[in-house]
2 protein chains.
Amino acid sequence: MSKKITVEKKVLSENDRLAADIRKKLEKQKIVTLNLVSSPGSGKTSLLERTLKELGNKFNMALIAGDVQTENDADRLKRAGGKNVRPVITGGACHLDARMVTRALDEMNLKGVDILFIENVGNLVCPSSYDLGEDMKVVLMSTTEGDDKPLKYPSMFRRSSVLIINKIDLLGLSNFDIKQAEKNARTINADLKVFEISCLKETGLEAWYDWLGNQVTSKKGKK
Amino acid sequence: MSKKITVEKKVLSENDRLAADIRKKLEKQKIVTLNLVSSPGSGKTSLLERTLKELGNKFNMALIAGDVQTENDADRLKRAGGKNVRPVITGGACHLDARMVTRALDEMNLKGVDILFIENVGNLVCPSSYDLGEDMKVVLMSTTEGDDKPLKYPSMFRRSSVLIINKIDLLGLSNFDIKQAEKNARTINADLKVFEISCLKETGLEAWYDWLGNQVTSKKGKK
């Protein structure tokens, strides 16, 4: 048992070392880097599609789209106007790790990029343990998932800086209580910045776009 | 690297050995055992609540409710009439394993039990790799998740025998195409038995109850 723990520790340290290298590299180029995490089907790809369409002419955006199998998400992002999209197929692994991101970045052109989105594998547990060198994790949940998810999967909500509640157009059609969901999330992490949106109906997205713009301005302003 | 693979192999073999013991024990007692797997929020607990209410007087049901944190699901199952409910908090682990199930079963009274439901952690990746000694895995997906989930998370759909598509009351309110979802699922696993249901509106559940009853009859009939 002690042997197993030792090995896991070593793997994590290797990940942390690579993530620190990624962070240094992206910081130098003043690229805002967001690691999007959620259950499968909460709307990570839909949010990125909307963001590409709305901000594609304003900001230079690069995207890494992680999935266990298929390049479906990367294809959707390209169709939405993404010109710098890199699929990463994990081939069974339940999360992206810093090694996968390092390899992807090595093959991408980062010159002039303002924002790098890393769309993680749909999984509310494992990706929380892997630093990818991001500025912050953005966790999505949708109104069809149950408002107690932050309590049941606390690590992901604790390690995220932003919570996006998607599919608010479906509020009232299930037992989901959005106030309770936010209360549960803040019990785990009082500092969460929360957005309530619907990608399908394009509601609530202006605040998200404004926030993104502020992140870019703030990063560029840094010496 | 080779060292890491060796350790993982050893852990999996240990799980398989424990799962075989569980299977033997439950088979001897002629208990139909189903391992419920899905993304967080697809409706595993809701399905079990409905099933307890409808079949609670007909069959003796035992339930193991796995979660990363909280006993919320176990509490819901008890409120729905579950008299033999055992919560398992994984404390961070992204799946149940055979050791956790062995421990839970040791503390449960299995005398006269017809059906054992094991509600796994909400995660469409990792639980697919862990045999819990079940007769079969039952995978749930909901109509709000995206119809390409079987292609993106193939292992879970390949290793399941039953697919339950929940929240059909929300069909038409998103881009989810149920025919395409089933086609995708059958591309991965042609033998899947499919049920289309809504736990909230209580539609499509009769076929599921009938199927469950047939599983019990079939198991009891075995010498």
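Some values worked out for this structure:
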{"read-out": "Scan of the range A:164-173 for residues that are within 12 Å of another protein chain (Cβ to nearest Cβ) and touching a helix residue (DSSP H, G or I) at 6+ places or on another chain (Cβ under 8 Å), ordered by number", "value": "A:166, A:170, A:171, A:173"}
{"read-out": "Subset of the range B:81-94 (residues that are part of a loop (DSSP other than H, G, I, E, B) and of a type outside the set (A, V, I, L, M, F, W, C))", "value": "B:81, B:82, B:83, B:84, B:90, B:91, B:92"}
{"read-out": "So residue A:183, is it out of contact with any helix residue (DSSP H, G or I) (no Cβ under 6 Å at 6 or more places or on another chain) and within 14 Å of chain B (Cβ to nearest Cβ)", "value": "no"}
{"read-out": "Any hit, the range A:116-124, residues being touching a Cys at 6+ places or on another chain (Cβ under 9 Å), of a type in the set (Gly, Ala, Ser) and not in a strand (DSSP E or B)", "value": "no"}
{"read-out": "Any chance residue A:27 is surrounded by fewer than 20 Cβ atoms within 10 Å (Cβ to Cβ), more than 26 Å from residue B:176 (Cβ to Cβ), more than 14 Å from chain B (Cβ to nearest Cβ) and at pLDDT 95 or above", "value": "yes"}
{"read-out": "Some residue of the range B:118-130 being touching a Phe, Trp or Tyr at 6+ places or on another chain (Cβ under 7 Å) and not hydrophobic (A, V, I, L, M, F, W, C)", "value": "no"}
{"read-out": "Some residue of the range B:150-159 being of a type outside the set (A, V, I, L, M) and more than 26 Å from residue A:93 (Cβ to Cβ)", "value": "no"}
{"read-out": "Residue check, residue A:200 crowded, with 17+ Cβ neighbours inside 10 Å, of a type in the set (A, V, I, L, M), within 14 Å of chain B (Cβ to nearest Cβ) and in contact (Cβ under 8 Å) with a residue 40 or more places away in the chain", "value": "yes"}
{"read-out": "Per-region count, the range A:81-97, residues more than 11 Å from chain B (Cβ to nearest Cβ) and either surrounded by fewer than 19 Cβ atoms within 10 Å (Cβ to Cβ) or under 22 Å from residue A:128 (Cα atoms) (or both)", "value": "8"}
{"read-out": "In the range B:60-80, residue farthest from the other protein chains (Cβ to nearest Cβ) [restricted to those that are part of a loop (DSSP other than H, G, I, E, B) and free of Cβ contacts under 8 Å to residues at least 24 places away in the same chain]", "value": "B:71"}
{"read-out": "Residues that are farther than 18 Å from residue A:195 by Cβ and crowded, with 23+ Cβ neighbours inside 10 Å, drawn from the range A:106-119", "value": "A:116, A:118"}
{"read-out": "Some residue of the range A:144-160 being closer than 22 Å to residue A:20 by Cβ and either assigned to a strand (DSSP E or B) or in contact (Cβ under 8 Å) with a residue 40 or more places away in the chain (or both)", "value": "yes"}
{"read-out": "Selection count, the range A:189-200, where residues are assigned to a loop (DSSP other than H, G, I, E, B) and more than 15 Å from residue A:44 (Cα to Cα)", "value": "4"}
{"read-out": "Qualifying positions in the range B:164-197 - surrounded by 15 or more Cβ atoms within 10 Å (Cβ to Cβ) and of a type in the set (Gly, Ala, Ser)", "value": "B:174, B:181, B:185"}
{"read-out": "The lone exception for residue A:78 - which of (1) under 17 Å from residue B:39 (Cβ atoms); (2) among the basic types (Lys, Arg); (3) surrounded by fewer than 22 Cβ atoms within 10 Å (Cβ to Cβ) it fails", "value": "(1)"}
{"read-out": "So residue B:137, is it in contact (Cβ under 8 Å) with a residue 40 or more places away in the chain, of a type outside the set (S, T, N, Q) and in contact with a strand residue (DSSP E or B) (Cβ under 7 Å, 6 or more places away or on another chain)", "value": "yes"}
{"read-out": "Lone qualifier among A:197, A:188 - being of a type in the set (A, V, I, L, M) and out of contact with any Pro (no Cβ under 9 Å at 6 or more places or on another chain)", "value": "A:197"}
{"read-out": "Residue, surrounded by the fewest Cβ atoms within 10 Å (Cβ to Cβ), within the range A:124-163, restricted to residues that are small (Gly, Ala, Ser) and within 14 Å of chain B (Cβ to nearest Cβ)", "value": "A:129"}
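One line per residue, one yes/no per condition, for (1) assigned to a helix (DSSP H, G or I); (2) at pLDDT 95 or above; (3) over 30 Å from residue B:96 (Cβ atoms):
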residue	(1), (2), (3)
A:96	no, yes, no
A:110	no, yes, yes
A:128	yes, yes, no
A:169	yes, yes, yes
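The values are calculated or read from the model by the stated rules, or taken from the named source; none is laboratory data. Not measured: the values here are computed from a predicted model. A quick note on method: Cβ atoms are made from the backbone with ideal geometry, for glycine too, and the neighbour counts reach across all protein chains shown.
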